[in-house]
Structures are given as C-alpha cells and as structure tokens.
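Engineer: Got a structure for you, questions after.
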Protein chains: 2
Amino acid sequence: MASTRFDVLGIGNAIVDVIARTEDDFLAKQKMRKGAMQLIDEAQAVGIYDAMGPAVEVSGGSAANTIVGVASLGGRAAFIGKIKDDDLGRVFAHDIRAAGVAFATPPASAGPSTARCYVLVTPDGERTMNTYLGAAQDLHPNDIDADAIAAAQIIYLEGYLWDPPHAKEAFLKAAKIAHGAERDVALTLSDAFCVGRYRAEFLDLIRTGTVDIVFANESELHSLYETADFDTAVNALRNDVRLAVITRSEKGCLVVTRGETDAIPASPIERVVDATGAGDLFAAGFLVGLSRGVEYRTAARLGALAAAEVIQHLGARPETSLKDLARDNGFDL
Amino acid sequence: MASTRFDVLGIGNAIVDVIARTEDDFLAKQKMRKGAMQLIDEAQAVGIYDAMGPAVEVSGGSAANTIVGVASLGGRAAFIGKIKDDDLGRVFAHDIRAAGVAFATPPASAGPSTARCYVLVTPDGERTMNTYLGAAQDLHPNDIDADAIAAAQIIYLEGYLWDPPHAKEAFLKAAKIAHGAERDVALTLSDAFCVGRYRAEFLDLIRTGTVDIVFANESELHSLYETADFDTAVNALRNDVRLAVITRSEKGCLVVTRGETDAIPASPIERVVDATGAGDLFAAGFLVGLSRGVEYRTAARLGALAAAEVIQHLGARPETSLKDLARDNGFDL
C-alpha cells in the first residue's frame, strides 16, 4: 500500500451556517421538524431569513466540520466540496484552510450562490436546520481529485451528498478510487429524513461493501432498518457492515463489529449550548483514532471528547485546539 | 416640541465584523496596535484575512451596535449607514432589522463591497480592529432622512464617521436638522487614534455646541486634550460640553457636567471573553436612560449593565434581551 498524504479526506456539501437563537414556537409557526434537517429552495431561504432573528455566520457543513475536527486533532486533513466564488464562498474557503485543511475544489464562477444552512437553536441547545444547497448542488465527478483520494488513509462521505444530483456520482467515483488504492471508505447517514429519502440506496452502499465504516445516530439507525426496536436495528447493521458506530447523545455510543458490541460513555459536560456538530466532531475523533491505529474504545473516547467541546459553544467548528484538549485528557496522539 | 417616533437614531459606519481568536504574537507580526482600530485598504484586508485563523461573521459597527442595544433595551431605535447590495450587506441589514431597528438607508448597487472589520481577540479578551470601510465610504448627505432625524429624541454619531470623506457632511447635516427640531446630539469619540486624526475638528464640534453630549474612554480623552493628566482632561471637557461620560473599563465611569462629577462602578463580571462593543453598549444603556428621563447615575448603571453583557461573549451585539436583563436587575424602564 502506497504511503499517505492525508489521514482523512472528506467529501461533503460546502455550507456556511447562519445561526440564530430561537424559541420553540418559532419552529412550530414555520412548520419545521425540531432536530431535523430540511432542504429549502431559494424562496424558502428568503422567507426563513426574513422571519428569523439576528444571526451569526460560521462555516459549517457536516463532513467539513468533521474534517476541520480532524485537523484540529493534529490529523492530516483534506476536503472536497463546491462553493461559489462569492462572499460566503470565500468565508468557507478561508475558514477551512485557516484550520489547516487542504481544500482545492475550484469554486463555481456562475450559477447559484454558496450553500447556507439556517440553524435555529432552541433554549435546550437542540438545533433545527434548513439547508439551501445552492452551489453545493454542482459538485461533479470532475471535482474528485483522484490523486488526493488515493493518498488518503480514510475517505469520509456524508449521506447528505445524496441530495445534490451529481454529487452521488462524485461519491461513487471517490469510493472506487479509494478501494482501488486499498483505502477505507466511511459514511455518515447524516439525518433520519435523509435516510428516509435514500434508504434503499444507502443499504445497497453498505451491503455491497461500497462503504466499510458507518456512523449513525439512533434515529438514523431506526430509519435505515424501519424498526422501532434498537437491538434489532443494531444486529441488522452488524450483519451488513464491518464496523459501525452508533452515537446516542448523552448516553454515549456503541462500537459494533460482526462479533462484538462495545458501549462507551459520553464525556461529561455542564450544559449543551448548541448541539450542532456533535455527530460531526464525534466522527472526527473516531477517525483520527482509527488512523492512528488505536483501539476502537480509545477512538470512541476521543470522539466523545471532541463532541463535548463543540456542543458547549455556538457553531459546529472547534473553538480550541482539540489536539491540546486531547493531550490534557490523557490521549497520546 | 413635536412628538418623537424614535428614542435614539444612530448614524455610523455599517460594518460586518469578522472575528477570530488570536495570540499576541500575531498582532506583533502584523504590526497592529493592540486595542486600537486601524483603517486598511482592500489589499491589506486580503492580506490580513489570509493570515488570520478561522473566523465568525457578526454584524457590527460602533453606532450600529449601540442602536441595537437601544432596541434590545426596549427603546425605539433607528439607524442610518451605508451598505452595498451584496451578501455581507444583506447580513448587516437582516441583523439590524431583526433586532427591531428601523433601517432604511438605500444600499449601494455598485462600488466597493460592504465594510468589514477584522477583529482579532487575544486571550485577555482585548480586541484589535482592522477596518476596510468599503461601501461605508459612500454615506452621503442625501442618505440623511430629515423626517426621521427630526422625529428622534437623541441623535447619536460616531467619531469614526470623520474617516469617510462625505460622511462628515452627512453628520453635520443631521446635527443641524436635530437642533432645528430641538433634539440632542451625542457623539462618541470612537478611538484614540481617530481623535488623533481629527482632534481640531472634534474640539470644534464640541465647543461650537454641534454636539451636546460626549462619550469618551480614557485614552480618547487624553488624546483629545493632549495631556497625560486625567483630572486636567476631565476639567477641560467639563468646560467644553454640557454632559460627558468617561468610561474607564473595570473602573466604571464618570458622569461629568459643568458643576459635578459623579463616579459609577462597573457591573461585576466573571471574565472578559471579548471586549468588542463594551463602549457601544454602555452608550446604549446611558442613552435609553436619558430618553426615559432617569437620573444620570441610573442611566450610567444601565450602561454598565449592558456593557457587562456584551463583553461576556464573542461579538458586539447583545445575545439576550437587555430589557429582561435590566428588569431582572431592578431597573424600571
């Protein structure tokens, strides 16, 4: 196996988050499903923005957040995703590069504007997301840098990529290149409603071995196997994929392989300020652990630590060096 | 005197803050004066942005922050300032309107982009600012809405307005309309280096009665009267203006009139996260107090409370309802 230039390369929607605090009744009035991500068109984006309160803009995107977390943990990280050459696109590119991530996807010079996600954070810290995909729609197989993929130990893909029409082709191209170079391919299921939209395709990706590692939270897992019984769903996933991690918020996570299930607790925190990015940063810690060859348990504890940092402030990108945080918590990375 | 539609109308540079945490040695390497505001051109803006870390975008602008604070305290508030019709301009307009401020200045359709301020926050919470004025340069006397000015109890102007070439004409036009309608005109000196650039003109504004109320911090006061002796400077200001407030960070403030000096302590806080907006929000509280006709002491205590809220988080706009905060602290507004 050839040497690697990256520990983790992520492919995902390049999104700027527009975050506002809100009350629960705003979600009800706007007919939003609390805790979920819904896709919106440009007219809906205008309507939601007009109605929502003062906001803060922070670079986001699920896989992009994960990859920034990888870099913050000291991992060698790269990202592929589509922005437009506009103000918010420049914000996205600046932030991910300033975080130490290699990001070279050429921006679109025409077409829809850079993707944005209107994130409404309720007083309980839960986030409800409304995504205008914009330029992220135009991620194309041509944007897949074959050399970079082949040089990355793990490729990390988000389920949300199944929404933009050409991105799934880019996803499949990347997975093929990765496997050709004997690399691992990881997938996050992203969102229960996203799983609902693409259940058959996701199961196919998993069962055909297009993905080697699956990240899911409980509601995504239940949606994938259309069962309300947790153990049934866990056992189904166990039989379908080599390695899975099921995140369970404050209950911690399960690491699931063919022969074993291991429960790892969440890192204790005082208060959830903004849950955005919890799953993304968990994946960052777990993937960095995998790339370092530590035990799954240790990788999961590192994921829990990274997730705990990001939910204690607004925004889904770490605000402190996760490498220092990990070292201070006894991790030897 | 005719009835009012607004308690406070502010005129200032319409700016989006681009905020990043940094270490002190970054400021040294970039030759920035810690704690000060410097004007930068477009090339410098690009250079600083490339060099600085991941950032968060939050609407800012000194007088704009004050006016948002006025609205958050339940005051009737309006703002005049120039944006461009671009992404960041729309962010600025959305945030100030969503905060409950009347904002109707027509955006520029061509010319430089919406102003931005690169704010570097060091671990001690101090902020160092680099402002690219962009579209704010083009605030013009035509942008002054005479009816709105005449209908506002207090007009609040920032010293920073003296930087853009036409804005000072707009400033003078607004002051004239206000006095014609028997309104009060307040000025913040903004920044010690800004005072250094326009000392003679600021003294002239104060001594001719173009402004009735002056807000200054210690370094601005020392710069205005070119003296290192605090009492000398305070007494000079006492003789030049009807009412002045001198803010002294953790030492609180002085309210200075011809016959009296009254010291009011700062509101106790745990830790300064980001000092950006402290003076702006102090002014908000004081002005709302004035508009309600409370004693100067009470107005200053309200200012101290609003300032304490804003320095305990990133960004210069309040993150909670200041009206509720004031009520919880015994103010009857």
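Engineer: Considering only DSSP beta bridges with both partners in chain A, what is the antiparallel share in %, to the nearest 5? All intermediate terms of the calculation are to be shown ahead of the outcome.
Structural biologist: Details: 20 of 55 bridges.
So the antiparallel bridges in chain A amount to around 35 percent.
Engineer: Say each of B:GLU295 and B:THR227 gets a label point 7 Å from the Cα, pointing the same way as Cα to Cβ; how far apart are those two points in nm?
Structural biologist: Going by the 7 Å Cα→Cβ label model, 2.9 nm.
Engineer: As a test, work out the antiparallel percent of DSSP beta bridges whose residues both lie in the protein assembly as shown, rounded to the nearest 5. If you can, show how the numbers build up before the last one.
Structural biologist: On the way: 43 of 113 bridges.
Antiparallel bridges: around 40 percent, rounded to the nearest 5.
Engineer: Treating the beta-carbon of each Lys and Arg as +1 and of each Asp and Glu as -1, no other charges, what is the dipole magnitude of the protein assembly as shown about its Cα centre, to the nearest 20 debye?
Structural biologist: Details: 64 positive and 92 negative charges, 13 e Å.
I would put it at about 60 debye.
Engineer: Moving on to the next point. Calculate, in whole percent, how much of the Cα-Cα pair population of the stretch A:159-307 lies beyond 29 Å.
Structural biologist: Working: 1360 of 11026 pairs.
Roughly 12 percent, once rounded to a whole number.
Engineer: Hey, could you grab the Kirkwood Rh for the protein assembly as shown? Inverse mean 1/r over distinct alpha carbon pairs, Å, one decimal.
Structural biologist: Values: mean 1/r = 0.0382 Å⁻¹.
Computed over the protein assembly as shown, the radius equals 26.2 Å.
Engineer: Same structure, new question: Mind listing the phi-derived Karplus ³J(HN,Hα) values for the stretch B:193-210, rounded to whole Hz, using 6.51, -1.76 and 1.60 with θ = phi - 60°, and x for any glycine or proline?
Structural biologist: 6, 5, 4, x, 6, 10, 3, 4, 5, 5, 4, 5, 4, 6, 6, 8, x, 5
Engineer: Same structure again: Measure of size requested: the Rg and Dmax of the stretch A:117-189, with Cα atoms as the atom set and Å as the unit; please supply both.
Structural biologist: In Å, with Rg to one decimal and Dmax whole: 15.0, 47.
Engineer: Using R₀ = 51 Å, calculate the FRET efficiency as 1/(1 + (r/R₀)^6) where r is the Cβ-Cβ separation of B:SER219 and A:SER3; round to 0.05.
Structural biologist: Numbers: r = 56 Å, r/R0 = 1.09.
Efficiency computed from Cβ-Cβ geometry: 0.35.
Engineer: Report the equivalent ellipsoid semi-axes for the stretch B:235-333 in whole Å, largest first, defined as the square roots of five times the eigenvalues of the gyration tensor built from alpha carbon atoms. Present the calculation step by step, with values, prior to reporting the outcome.
Structural biologist: Numbers: eigenvalues 105, 48, 23 Å².
Equivalent ellipsoid semi-axes, largest first: 23, 16, 11 Å.
Engineer: I need the phi-derived Karplus couplings for the stretch A:240-257: 6.51 cos²θ - 1.76 cosθ + 1.60, θ = phi - 60°, integer Hz, Gly and Pro marked x.
Structural biologist: Residue by residue, the stretch A:240-257 yields 9, 9, 5, 9, 9, 10, 10, 8, 10, 6, 5, 8, x, 8, 10, 9, 10, 10 Hz.
Engineer: Measuring nothing but label to label, 7 Å from Cα along Cα→Cβ, what are B:SER321's distances to the other copies in nm, shortest first?
Structural biologist: From this label point to the equivalent ones elsewhere in the assembly: 4.3 nm.
Engineer: For chain B, what is the convex hull (Cα atoms) projected area averaged across all directions, in square nanometres? Show your work: numbers first, answer last.
Structural biologist: On the way: hull surface 61.6 nm².
Hull-based average projected area comes out at 15.4 nm².
Engineer: Mean projection of the alpha-carbon convex hull of the stretch B:1-91 over all orientations, in nm²? It would help to have the intermediate numbers written out before the result.
Structural biologist: Working: hull surface 32.6 nm².
The number I arrive at for the stretch B:1-91 is 8.1 nm².
Engineer: About the Cα centre of the stretch B:98-148, how large is the charge dipole given +1 on each Lys and Arg Cβ and -1 on each Asp and Glu Cβ? Please answer in debye to the nearest 20. Numbers along the way, then the final one.
Structural biologist: Values: 2 positive and 6 negative charges, 43 e Å.
Approximately 200 debye in magnitude.
Engineer: On to the next question. With unit charges on the beta carbons (Lys and Arg positive, Asp and Glu negative) and the dipole taken about the Cα centre of the stretch B:84-212, which residue among B:GLN137, B:ALA200, B:ILE155 sits farthest to the positive side?
Structural biologist: The listed residue farthest towards the positive side: B:ALA200.
Engineer: Continuing with the same structure: If you put +1 on each Lys and Arg Cβ and -1 on each Asp and Glu Cβ, how big is the dipole of the stretch B:276-333 around its Cα centre, in Debye rounded to 20? Don't skip to the answer; put the middle values down first.
Structural biologist: On the way: 6 positive and 7 negative charges, 27 e Å.
The dipole magnitude comes to about 120 debye.
Engineer: What residue among A:LEU243, A:LEU27, A:LEU161 shows peak mean-square fluctuation when chain A is described by a Gaussian network model with Cα springs under 10 Å?
Structural biologist: So, out of A:LEU243, A:LEU27, A:LEU161, the one fluctuating most is A:LEU27.
Engineer: Name the long-range amide H neighbours of B:GLY53: under 5 Å, sequence gap of 5 or more, or other chain; modelled H, no Pro or chain starts.
Structural biologist: none
Engineer: Go ahead and set up a Gaussian network model of chain B, Cα springs under 10 Å, then flag whichever of B:THR22, B:THR128, B:THR320 fluctuates most.
Structural biologist: Sorting by GNM fluctuation, first place goes to B:THR320.
Engineer: Tell me the trypsin sites (Lys or Arg not before Pro) within the stretch B:252-296 that lie in a loop according to DSSP and have at most 15 other beta-carbon atoms within 10 Å. If you can, show how the numbers build up before the last one.
Structural biologist: On the way: sites: B:ARG258, B:ARG271, B:ARG292; in loops: B:ARG258, B:ARG271.
Passing both the DSSP loop test and the Cβ count: B:ARG258, B:ARG271.
Engineer: Starting from the Cα of B:SER249, step 7 Å along the direction of its Cβ; do the same at B:ARG271; then give the gap between the two resulting points in nm.
Structural biologist: Going from the B:SER249 label point to the B:ARG271 one covers 1.8 nm.
Engineer: For the stretch A:230-248 and the stretch B:276-308, compute the distance between their C-alpha centroids and round to whole Å.
Structural biologist: About 57 Å separates the Cα centre of the stretch A:230-248 from the one of the stretch B:276-308.
Engineer: Loop only by DSSP, 15 or fewer other Cβ within 10 Å of the Cβ. Give me the trypsin sites (Lys or Arg not before Pro) in the stretch A:1-99 that pass, ordered by residue number.
Structural biologist: Those satisfying the criteria are A:ARG5, A:LYS31, A:ARG33, A:LYS34.
Engineer: Here's another thing I want to ask about it. What's the exposure ranking of B:TYR225, B:TYR132, going from fewest to most Cβ atoms within 10 Å? Mind dumping the intermediate values first?
Structural biologist: Details: B:TYR225 18, B:TYR132 26.
Starting with the residue having the fewest Cβ neighbours, the order is B:TYR225, B:TYR132.
Engineer: If contacts are Cα pairs under 8 angstrom and at least 6 residues apart, what is the relative contact order of chain B in percent?
Structural biologist: 19 percent
Engineer: Another question, if that's okay. Go through the stretch B:82-186 and name the GluC sites (Glu not before Pro) that are in a DSSP coil and have 15 or fewer other Cβ atoms within 10 Å of their Cβ.
Structural biologist: B:GLU182
Readers should treat all values here as calculations from the given coordinates under stated rules, not as data from a laboratory. Since this is a predicted model, take the numbers as computed values, not measurements. We place every Cβ from the backbone using ideal geometry, glycine too, and count neighbours over all the protein chains shown.
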